[in-house]
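The values are calculated or read from the model by the stated rules, or taken from the named source; none is laboratory data. In this text the structure is predicted, and so the values were computed from the model without any measurement. Methodologically, a virtual Cβ is constructed for each residue, glycine included, from the backbone with ideal geometry; neighbour enumeration extends over all protein chains shown.
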Amino acid sequence: MNEFDGIARRRFLGRIAASLGALGVAGCDRLSQTDWFPKVLGVADPLNHKLARLATRKTMAQEFTPADLSPTFRSNGTSEPDNPQYAALAANRFADYALQVDGLVTKPRRFTLAELRALPSRTQITRHDCVEGWSAIGKWQGAKLSALLDLVQPAPNVRYVVFHCADPMEEGGTAPYYESIDMDDAYHVQTILAYALNDAPLPTKNGAPIRLRVERQLGYKHAKYVMRLELVESFANIAGGNGGYWEDQGYQWYAGI
Ligand SMILES: Nc1nc2c(c(=O)[nH]1)N[C@H]1C(S)=C(S)[C@@H](COP(=O)(O)O)O[C@H]1N2
Ligand SMILES: [Mo]
C-alpha cells in the first residue's frame, strides 16, 4: 500500500465512521431489542441500508479535479473475461455488442454501443474504494442509467437492477459475476454505464465495453463487462439469491455510505 492509498483509505473509513455516528447507529442494539423497532424498519433489509437511505437518498459522492487523478487506474478481480463469446465480441472491437435490458420492463430492448453513447451522458472524477485496501481516482464518462430506464419503462413493482457480467468466476465454470443496486441508486445522477476512463475507451482490464459506476458504493458493486440488465422485484431466482457474486459469499449487499 503506498502513502496515497493509506491516506485515502483512512479518510474513507473516517467518512463511514462519521456517517454512522450521525445516524446514531451506536444506539441501535438497544433499540432493536424492543418489539416495535424491527417492524418499523422492515426485517427483510439490513438495518444499515435502511438507516443510510433515510439520510443519503440524494447525497452526492465527492468529485475531484483533473489534478487529483491517479497516474494509473489499476485493475482488480477479472482483468480479461475467460469467455469465448466475450472474446469474439472483443476481437471485433465490440461492433456486435448489445446490452440486453429485460425483466420487469414495459419495453425490453437491446442497446448497441453506439446507442449507449447517444444517450444523455455524465462525466465525473471520483474515487474508487476497494475493500481489499486500495483506492484510485479516475475520470469516467458514460450513459446515465436513469436515461436508459426512462426508455425501457420499469414496472411499478421493480425494486432492483441486476447487472449480469461476461466473466465466469470459477475456473472452467459458468457462474458469472453479477451485482445489483436499488432504484435510489439506479436513478441517482452519478450512476452511469461507463464506456470511457480518463478520456479513452474503457480498457479491457477495467470492464470493456461497459461497466457500472455507482459512486456512493464500494468497489465490488461496480460491475465490469456488463452484458445484461435485469429488472426484478426480488433476488429469489438469481444465482445464490443474495443480489451479487460477493454477496453470495457473505459480503454486505448494501456497500454504500
Ligand atoms: N465483472 C466483474 N466486475 C467486477 C469485478 C470482477 O471481478 N468482475 N471486481 C470488482 C471489484 S472487487 C472491484 S474493486 C472493481 C475493480 O475495478 P477495476 O478493475 O476497474 O479497478 O470491479 C468490481 N467489478
Ligand atoms: Mo474490490
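If you go through segment 142-153 and keep only what is buried (at least 20 other Cβ atoms within 10 Å of the Cβ) and either within 16 Å of ligand 2 (Cβ to nearest atom) or farther than 13 Å from Asp185 by Cα (or both), you end up with Gly142, Ala143, Leu148. Being closer than 20 Å to Ala194 by Cα, within 16 Å of ligand 1 (Cβ to nearest atom) and either of a type in the set (Phe, Trp, Tyr) or exposed (fewer than 14 other Cβ atoms within 10 Å of the Cβ) (or both) is the filter here; which residues of segment 75-99 pass it? Once the filter is applied, which keeps residues that are closer than 20 Å to Ala194 by Cα, within 16 Å of ligand 1 (Cβ to nearest atom) and either of a type in the set (Phe, Trp, Tyr) or exposed (fewer than 14 other Cβ atoms within 10 Å of the Cβ) (or both), segment 75-99 yields Tyr86, Ala87, Phe94, Tyr97.
State yes or no: is Arg110 more than 23 Å from Glu230 (Cα to Cα) and either in a strand (DSSP E or B) or modelled with pLDDT of 95 or more (or both)?
On the way: more than 23 Å from Glu230 (Cα to Cα): no; either in a strand (DSSP E or B) or modelled with pLDDT of 95 or more (or both): yes.
For Arg110, the condition - more than 23 Å from Glu230 (Cα to Cα) and either in a strand (DSSP E or B) or modelled with pLDDT of 95 or more (or both) - is not met.
Given the criteria among the charged types (D, E, K, R) and within 16 Å of the chain's Cα centre (by Cα), does Arg110 qualify? Give the steps one after another, and end with the answer.
Details: among the charged types (D, E, K, R): yes; within 16 Å of the chain's Cα centre (by Cα): no.
Judged against the criteria, Arg110 is not a match.
Of all residues in segment 117-128, those being over 16 Å from Gly207 (Cα atoms) and either out of contact with any strand residue (DSSP E or B) (no Cβ under 8 Å at 6 or more places or on another chain) or within 16 Å of ligand 2 (Cβ to nearest atom) (or both) number 3. Out of (1) under 18 Å from Phe163 (Cα atoms); (2) within 16 Å of ligand 2 (Cβ to nearest atom); (3) not acidic (Asp, Glu), what's the single condition that is false for Gln100? All conditions pass for Gln100, except number (2). One residue alone among Ile137, Ile125, Ile181 is among the aliphatic types (A, V, I, L, M) and within 26 Å of His49 (Cβ to Cβ), and that residue is Ile181.
Against the list (1) farther than 13 Å from Phe163 by Cα; (2) part of a strand (DSSP E or B), the condition Gly240 fails is (2).
Entry remark, segment 189-212: residues being touching a residue at least 40 places away in the same chain (Cβ under 8 Å), away from ligand 2 (no atom under 14 Å from the Cβ) and either surrounded by 20 or more Cβ atoms within 10 Å (Cβ to Cβ) or not in a loop (DSSP other than H, G, I, E, B) (or both) number 11 in total.
Over 12 Å from the mean Cα position of the chain (by Cα), assigned to a strand (DSSP E or B), within 13 Å of ligand 1 (Cβ to nearest atom) and not basic (Lys, Arg): does that describe Ala143?
On the way: over 12 Å from the mean Cα position of the chain (by Cα): yes; assigned to a strand (DSSP E or B): yes; within 13 Å of ligand 1 (Cβ to nearest atom): no; not basic (Lys, Arg): yes.
The answer is no for Ala143.
Within segment 175-185, being closer than 25 Å to Phe64 by Cα, of a type outside the set (D, E, K, R) and over 9 Å from the mean Cα position of the chain (by Cα) holds for no residue. Taking the criterion of being more than 12 Å from ligand 2 (Cβ to nearest atom) and either under 19 Å from Arg74 (Cα atoms) or surrounded by fewer than 20 Cβ atoms within 10 Å (Cβ to Cβ) (or both), the residues of segment 213-229 that qualify are Arg213, Val214, Glu215, Tyr225, Val226, Arg228.
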